[in-house]
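S.K.: Structure provided below as structure tokens; questions to follow.
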Amino acid sequence: MDPITQGLVTIAVGVGGCLAYFYVSNLLLDKVIFPARGAHISRNINRANLVRPWLFLLPVVVLLTLYLAYPVVGSFVRSLYNRSGDEFIGFDNYTSLIGSGEFRVAFLNNALWALVVPALSTFLGLIIAQLTDRLKWGNIAKSIIFMPMAISFVGASLIWKFVYAPDPDIGLINAIRGTFGLEAVDVLQIPFWNNLFLMVLLIWVQTGFAMVILSAALRGVPEETIEAAIIDGANPFQVFFKIQVPQITATILVVWTTITIGTLKIFDIVYAMTGGNFGTQILPSYMMQFMFRDDGRATAVAVLIMLIVSPVVYSNVRQARKELS
Amino acid sequence: MSDIVGKKSGLVWATHLSVLALVIIWLIPTVGLFVSSFRDRDQISETGWWRSFLPVEQGLRGRASVDDVIVQGDTFVLTGSLFDDEEVLASVGEERPPITAFGNAGRNPGQFVAGEVADLGDGESLLVNPDGTYEYRLAEDPGNRGPRIYFFASTPPVFSFANYRTVLTADNMDRAFINTLTVTIPTTIIPILMAAFAAYALAWMDFRGRGFMIACIVGLLVVPLQLALVPALQMHNAVGIGQSFLGIWLAHTAFGLPLAVYLLRNYMIGLPRDIIESAKVDGATDFEVFLKIVLPLSFPALASFAIFQFLWTWNDLLVAKVFLPSAEEAKVMTVKIADDLLGSRGGDWGILATAAFVSIGVPLLVFFSLQRYLVRGLLAGSVK
């Protein structure tokens, strides 16, 4: 069967199956297992209502357990075994990883990414949100800055290759250098700085996200506080940094952590731009080097990424529980 | 509030200019790709895309024709037009671009100015006119193969869909496009319904363990996908799904569910309680309330999630690399571009630009037409 028909069948089976499951299971519950009639009618209705939420949740719970909850444990267990998975070797994968130079490079680069990208994206997003807020054509400007959100990281990598290419007839940077009489360079091969040139791509993508959220937050700042500050003689910079920004710190934090998590998981940019060469390796792309070759080490890297992200998971869950109660 | 800036016109101008500068910086890389995708492949390597609307000095080469050699004493005179040469015809076609410079050696192809006689030493000389006619005076019999002439012609800018035709017909890119659609559409539609039922339960049904379930969903939102790859693939291999479309549908569906449930629950809990309760008083079951009231009212949230999931699955590289077979006929566009084109076609910028534009065209279209819902979704659940 060719993939298109297969896809159509899957849509039909998926959507139809879902509907059928919910319909039939509800019907069974109400008419057969706990029928709302006979001697125990009220007890039956109560029991049916106890079971029903779990019927509604079942497909999601099953899929999430298999594909996200179990893998957290499964990956950890797998990382304690050797390459082929038949011998238990304890934490040897971790110790050999931590001992390897490439891992350290990847780890430090990842730390650099996690510091620079969220900081710059949030800062730029905040500034742009404020600047465009008052402009008549602000929405068009916002649209354009938001646009890279829709572009894949592979596409973004290609787009930026036309900026970074060493050939001055292709790459914009080297064309500009050429007009100043400077020699063409491959910016992706300059040690250390090449990392920053790669981060530019992610900042280019994420600034729009930060801008959209922070722009909404800025609009939520009560006008009275701003008016009072202006009457007291505050200049626009003071109004922005001393009145508006302090009132949206919570949102800034949310944006910052969201971008941080995203940054720790991105592998496409490094993979497509440098393949991890020239000292640009980061943990997610480092993991893909082991994928299909050495699952033990691949999962060990994944578990380390999870460890780095886990404080955020913890604070998110705590936040959600607080909102509930 | 709106005129605190207005009081200082200098600041207004500064705002306008800095926003304009930012917009240009943001847009330029994409514009470069877009312009390049329509340019002639030879012209791309001659001048940068920012000069694409100017004529291009294209380096060409041909051979002097030996069809009618005239012998004048010791010299052999070859005449003719460069534009009759087969090699030149193959690259410029029927065009006759004016020739600006010429030479007889490949290491210095633009040594002499067109229209002036060049003394080549040893009694030999070469003249190439801007219209392509030449006169080559040789000291020795050229035999049956004329000597090479190198020249620069000023070709007008060429824009065409040729690259798009190449990309969409050769290189299996058409196949990759279909594959991307095949992965994307089911994995956008299927999780919506599942997640909507679960979100309804978490928003409007009271049961033990609800808080725990919500906490789990929020926690799973930020679990790195990397962790799921190896165990999920092992599971697929164990049950016989292996690397296949079925596998990637299941994986993408599952990976999209936390965001879907989270977004939809946040939206549904904001629906007016009265409507739902009065429907229940009238005897509607939860199933009916969900299907007839909650689901239609939640349309904006459903649309937000659908756009997120579509963009994410369309743009994904990681999941496709792991869960789809690496065979040529199962490659999606991102894999195709990252693994094949960037490697083998590394220098063919026209093809690269076009392939990239084909792959980002659809998401851009979705983005610009449905931006409203996207923004709303971002504001509702800025966690993923």
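The values are calculated or read from the model by the stated rules, or taken from the named source; none is laboratory data. Computed from a predicted structure; not experimentally measured. Don't worry about glycine lacking a Cβ; one is built from the backbone with ideal geometry, like all the others, and counts go over all protein chains shown.
S.K.: Output the number of residues of region A:158-172 satisfying the condition of being under 29 Å from the mean Cα position of the chain (by Cα) and either in a helix (DSSP H, G or I) or surrounded by fewer than 16 Cβ atoms within 10 Å (Cβ to Cβ) (or both).
M.R.: 7
S.K.: May I pose another question? Among all residue pairs at least 6 apart or on different chains, which show Cβ distances below 7 Å where the first residue, located in region A:81-107, is more than 17 Å from residue A:284 (Cβ to Cβ) and the second is of a type in the set (Val, Ile, Thr)?
M.R.: Short answer, once both residue conditions are applied: A:81/A:89; A:82/A:89.
S.K.: Of all residues being charged (D, E, K, R) and farther than 19 Å from residue A:93 by Cα in region A:246-301, which is modelled with the lowest pLDDT? Just the residue, please.
M.R.: Looking at residues that are charged (D, E, K, R) and farther than 19 Å from residue A:93 by Cα, I get A:265.
S.K.: In contact with a Lys or Arg (Cβ under 9 Å, 6 or more places away or on another chain) and either modelled with pLDDT under 90 or closer than 24 Å to residue B:312 by Cβ (or both): does that describe residue A:133?
M.R.: Yes, satisfied.
S.K.: Among the residues of region A:122-129, is any over 25 Å from residue A:195 (Cα atoms) and assigned by TED's automatic domain parsing to the domain that holds residue A:262?
M.R.: Yes.
S.K.: Could you check how many residues of region B:132-159 are assigned to a loop (DSSP other than H, G, I, E, B) and over 15 Å from residue B:93 (Cα atoms)?
M.R.: Looking only at that region, the number is 9.
S.K.: What helices (runs of 4 or more DSSP H) lie completely within region B:288-384 and have 2 or more residues being under 30 Å from residue A:293 (Cα atoms) and more than 19 Å from the chain's Cα centre (by Cα)?
M.R.: B:318-323
S.K.: Do the conditions hold for residue B:75, that is, is it farther than 15 Å from residue B:134 by Cα and over 39 Å from the mean Cα position of the chain (by Cα)?
M.R.: When the stated conditions are applied, residue B:75 passes them.
S.K.: Go through (1) more than 10 Å from chain A (Cβ to nearest Cβ); (2) free of Cβ contacts under 8 Å to residues at least 12 places away in the same chain; (3) farther than 30 Å from residue B:49 by Cβ one by one and return the number of the condition residue B:379 breaks.
M.R.: (1)
S.K.: Only one residue in A:90, A:155, A:99, A:138 is surrounded by fewer than 20 Cβ atoms within 10 Å (Cβ to Cβ) and under 30 Å from residue B:369 (Cβ atoms). Which one?
M.R.: Just one listed residue meets the conditions, A:138.
S.K.: Oh, and also: Taking region A:177-186, which residues are assigned to a helix (DSSP H, G or I) and among the charged types (D, E, K, R)?
M.R.: A:177
S.K.: Hey, another quick one. Restricting region B:243-264 to residues that are farther than 19 Å from residue A:69 by Cα and more than 9 Å from every other protein chain (Cβ to nearest Cβ), which is farthest from the chain's Cα centre (by Cα)?
M.R.: B:264
S.K.: Residues in region A:184-211 that are of a type outside the set (Val, Ile, Thr) and surrounded by fewer than 20 Cβ atoms within 10 Å (Cβ to Cβ): how many?
M.R.: 8
S.K.: With (1) over 37 Å from the mean Cα position of the chain (by Cα); (2) surrounded by fewer than 16 Cβ atoms within 10 Å (Cβ to Cβ) as the list, and residue B:51 as the residue in question, which single condition is left unmet?
M.R.: (1)
S.K.: Right, here's the next one. Sort through A:286, A:271 and tell me the only one that's in contact with an Asp or Glu (Cβ under 8 Å, 6 or more places away or on another chain) and buried (at least 17 other Cβ atoms within 10 Å of the Cβ).
M.R.: Going through A:286, A:271 in turn, just one is in contact with an Asp or Glu (Cβ under 8 Å, 6 or more places away or on another chain) and buried (at least 17 other Cβ atoms within 10 Å of the Cβ): A:286.
S.K.: Looking only at region A:21-42, how many residues end up being free of Cβ contacts under 8 Å to residues at least 12 places away in the same chain and within 13 Å of chain B (Cβ to nearest Cβ)?
M.R.: The number of residues fulfilling the criteria is 5.
S.K.: Now, a different point. Please work out which residue is surrounded by the most Cβ atoms within 10 Å (Cβ to Cβ), limiting yourself to region B:218-242 and to residues that are more than 10 Å from chain A (Cβ to nearest Cβ) and at pLDDT below 90.
M.R.: B:241
S.K.: Let me ask you something else. Within the set of pairs 6 or more residues apart or between chains, which connect a residue that is more than 14 Å from residue A:172 (Cα to Cα) inside region B:29-47 to a residue that is of a type in the set (Phe, Trp, Tyr) with Cβ atoms less than 6 Å apart?
M.R.: B:37/B:357; B:38/B:159
S.K.: So residue B:329 passes all but one of these: (1) within 24 Å of residue A:208 (Cα to Cα); (2) within 9 Å of chain A (Cβ to nearest Cβ). Which condition number does it fail?
M.R.: So residue B:329 meets the others, but not (1).
S.K.: Considering only residues that are at the interface with chain A (Cβ under 8 Å from one of its Cβ atoms), assigned to a helix (DSSP H, G or I) and touching a residue at least 60 places away in the same chain (Cβ under 8 Å), which ones fall in region B:190-217?
M.R.: B:190, B:194, B:195, B:197, B:198, B:200, B:202
S.K.: Another question, then. What tally of residues in region A:187-225 results from selecting those that are among the hydrophobic types (A, V, I, L, M, F, W, C), assigned to a helix (DSSP H, G or I) and either touching a Ser or Thr at 6+ places or on another chain (Cβ under 6 Å) or more than 26 Å from residue B:376 (Cα to Cα) (or both)?
M.R.: Of the residues in region A:187-225, 12 are among the hydrophobic types (A, V, I, L, M, F, W, C), assigned to a helix (DSSP H, G or I) and either touching a Ser or Thr at 6+ places or on another chain (Cβ under 6 Å) or more than 26 Å from residue B:376 (Cα to Cα) (or both).
S.K.: Next up: Looking for whichever is within 11 Å of chain A (Cβ to nearest Cβ), among the aliphatic types (A, V, I, L, M) and surrounded by fewer than 17 Cβ atoms within 10 Å (Cβ to Cβ) here; the options are B:31, B:56. Which one fits?
M.R.: It is B:31.
S.K.: Something else about it: Restricting attention to region A:239-262, which residues are of a type in the set (Ser, Thr, Tyr) and surrounded by 15 or more Cβ atoms within 10 Å (Cβ to Cβ)?
M.R.: Within region A:239-262, A:251, A:257, A:258, A:260 meet the criteria.
S.K.: I've got another one for you. Write out, first by first residue and then by second, each pair whose Cβ atoms fall under 9 Å of each other, whose residues are 6+ apart or on separate chains, and whose first residue, in region A:262-273, is over 12 Å from residue B:342 (Cβ atoms) while the second is basic (Lys, Arg).
M.R.: A:262/B:384
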